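The values are calculated or read from the model by the stated rules, or taken from the named source; none is laboratory data. Fair warning: this is a prediction, and the values are worked out from it, not measured in the lab. Counting neighbours? That spans all protein chains shown, and the Cβs are built from the backbone with ideal geometry, glycine included.
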Amino acid sequence: MSGQRPAPIAVLIASMPFRTIALLEQPRRVEQLRRARRLRAAPAAYRFLDVLIAAVVLILCLPLLGLVCLAIRLEGGGPAIFRQLRLGRDKRPFTVYKFRTMGLAADPEVHRRYVEQLIAGEETSYGVRAGPDLYKLVTDDRVTRVGRLLRRTSVDELPQIFDVLRGHMSLVGPRPVIPYEARLYPASYDRRFAVKPGLTGLWQVNGRNERTYREMMELDVVWVERQSLWLYLSILARTPWALLRRRGAA
């Protein structure tokens, strides 16, 4: 009848033979299986590349690491390596290694209050440019002369290669955060902890400290949702250029 309303989709599907429904579902199941297989294989591929590339970089950079250690010791004495507790995948704590860029008596509360203001979206009051952009404490008097050079070139991050080799970090991933930062995060930020933190990532190659804190978190989540071997390699390839340009570096 022309006035009869068509049957709902659910009723039509229910009336189909089981074999017909199975045939309709088959392409979807195949795609789901393929996606699951790719997701299972991805961590192994990332880990293989992490170890291979990190080992090569470590060997090539050994003279530089030695010179930096010597420069830090000559400037103010004390240890050349700075250790700090950070949160990794699934918020598991681990020790991150960096070159020490501050004096031995530096007060960590200054940076803590600054980060709390950034997360809250407030303007900072620690002698840095306020506004929407994310900046490090570039006028921080706790930073040594050698430390300023290391930060501008991001060489202070090189010891994190050991964290990559130990399996706590990946070459590509979100920035490893300090526990007090994570306690202030809204629930929407928790997705970034589904993967290992990284030495570089979307944030680092897309403006770095020119980005707001919220934008940095959003880029971390984008990596979690869209990660692929191609994107992994693309970020690694773009990182040297980002470092050379020093765009957004403090």
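Does region 188-205 include one or more residues that are surrounded by fewer than 21 Cβ atoms within 10 Å (Cβ to Cβ), at pLDDT below 95 and in a loop (DSSP other than H, G, I, E, B)?
Checked region 188-205: no residue is surrounded by fewer than 21 Cβ atoms within 10 Å (Cβ to Cβ), at pLDDT below 95 and in a loop (DSSP other than H, G, I, E, B).
How many of the residues making up region 155-209 are among the acidic types (D, E), touching a helix residue (DSSP H, G or I) at 6+ places or on another chain (Cβ under 7 Å) and under 20 Å from L219 (Cα atoms)?
Count: 1.
Does V51 satisfy being under 18 Å from F99 (Cβ atoms), surrounded by 11 or more Cβ atoms within 10 Å (Cβ to Cβ) and either at pLDDT 60 or above or touching a His at 6+ places or on another chain (Cβ under 6 Å) (or both)?
When the stated conditions are applied, V51 does not pass them.
Here are Q32, Q26, Q4, Q84: which of them is outside any helix (DSSP H, G or I), at pLDDT below 80 and either in contact with an Asp or Glu (Cβ under 6 Å, 6 or more places away or on another chain) or of a type outside the set (D, E) (or both)?
Q4
Within the set of pairs 6 or more residues apart or between chains, which connect a residue that is in a helix (DSSP H, G or I) inside region 45-71 to a residue that is among the basic types (K, R) with Cβ atoms less than 9 Å apart?
From region 45-71, the pairs are Y46/K196; D50/K196.
Kindly state which helices (runs of 4 or more DSSP H) lie completely within region 92-184 and contain at least 1 residues that are modelled with pLDDT of 95 or more.
Output list reads 160-166.
Quick check, is R238 surrounded by 19 or more Cβ atoms within 10 Å (Cβ to Cβ) and out of contact with any helix residue (DSSP H, G or I) (no Cβ under 7 Å at 6 or more places or on another chain)?
Taking the combined requirement at face value, the residue does not satisfy it.
What pairs come out if I take residues in region 76-88 that are of a type in the set (F, W, Y) and pair them with residues that are in a loop (DSSP other than H, G, I, E, B) and surrounded by 12 or more Cβ atoms within 10 Å (Cβ to Cβ) whose C-beta lies under 8 Å away, six or more apart or interchain?
F82/R100; F82/T101
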